[in-house]
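So the structure is just underneath, and the comments pick up after that.
The values are calculated or read from the model by the stated rules, or taken from the named source; none is laboratory data. Every value quoted in this text rests on a predicted model; they were computed, and no experiment measured them. As a convention, Cβ positions derive from the backbone with ideal geometry for all residues, glycine included, and neighbour counts pool all protein chains shown. Please note that ligands, DNA and RNA were not included when accessible areas were found on the heavy atoms of the full protein model with its side chains. Shrake-Rupley method; radii C 1.70, N 1.55, O 1.52, S 1.80 Å.
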Amino acid sequence: MYQIGVKRMFSVFNADLELFIPVFHEWIQKNKIPDHIMVDVADYKHIPDGPGIMLIAHEGNFSIDLENGKAGLLYTRKQTLGEDIVDNIKTITSILDHACKLLENSDSLNRKISFNNQYKIISNDRYYFPTDKQFEKKLLQCSRKAFENADLTEGKTYSGSRLNIKIDKK
């Protein structure tokens, strides 16, 4: 199981979405994300509660996610990692945290954004983690192991939605 998204929430978000386009293009040009083949930047800011600005990579996508009015950076893995779900969550979170540091240190964004320690894990694989209580419990157990010493709560789900866990990392 590797098709997992992890989103880290902004504590400060005073930037126009347009500012992320040249930042993501710089990541492509300077190969800022290790072990990723970055392909393109897509502008989805016209979609309400959507991905905003997205950096498409072969291994996974980064987006300035605006779902439910809660802005954050979302990394959704597309390519295989290992067999262990907990290790995969940790790896995906590490990639995301690296990207968050790059954004916070970007001269273009110049302190217009910063991140807090609130995360959200999203199962992007309805085959291995369909939306039901049994699999919600399994995803919660794996998330607890990946985010030790954090407060975790199940996110709201409805028919057709993806399982998600909210994390407040201490």
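Under a point spin-label approximation (7 Å from Cα along Cα-to-Cβ), what is the PHE13-LYS112 distance to one decimal in nm? Simple spin-label model gives 1.4 nm for this pair. As a size descriptor, the averaged projected area of the C-alpha convex hull of the chain was calculated at 9.3 nm². Projecting the Cα atoms of ILE89, SER63, PRO34 onto the charge dipole of the chain, computed from C-beta unit charges around the Cα centre, puts ILE89 farthest toward the positive end. In the chain, the calculated helix contribution to ellipticity at 222 nm averages -8500 deg cm²/dmol per residue, counting -39,500 (n - 2.57) for every DSSP H run with n ≥ 4. Take the solvent-accessible surface of the protein heavy atoms, probe 1.4 Å, and return the percent of it on the chain that carbon and sulfur atoms account for. Answer for the chain: carbon and sulfur cover 45 percent of the accessible area.
Protection proxy ranking, highest mean first, for peptides 67-74, 44-51: 67-74, 44-51, where packing is the per-residue count of other beta-carbon atoms within 10 Å, averaged.
Charges were assigned to the Cβ only: +1 to each Lys and Arg, -1 to each Asp and Glu. The resulting dipole of the chain about its Cα centre is roughly 480 debye. The residues of the chain have, on average, 53 Å² of accessible surface per residue, using a 1.4 Å probe with all protein chains present.
Label point of HIS98 set 7 angstrom out along Cα-Cβ; within region 1-38, amide nitrogens under 20 Å from it belong to 2-9, 23-38.
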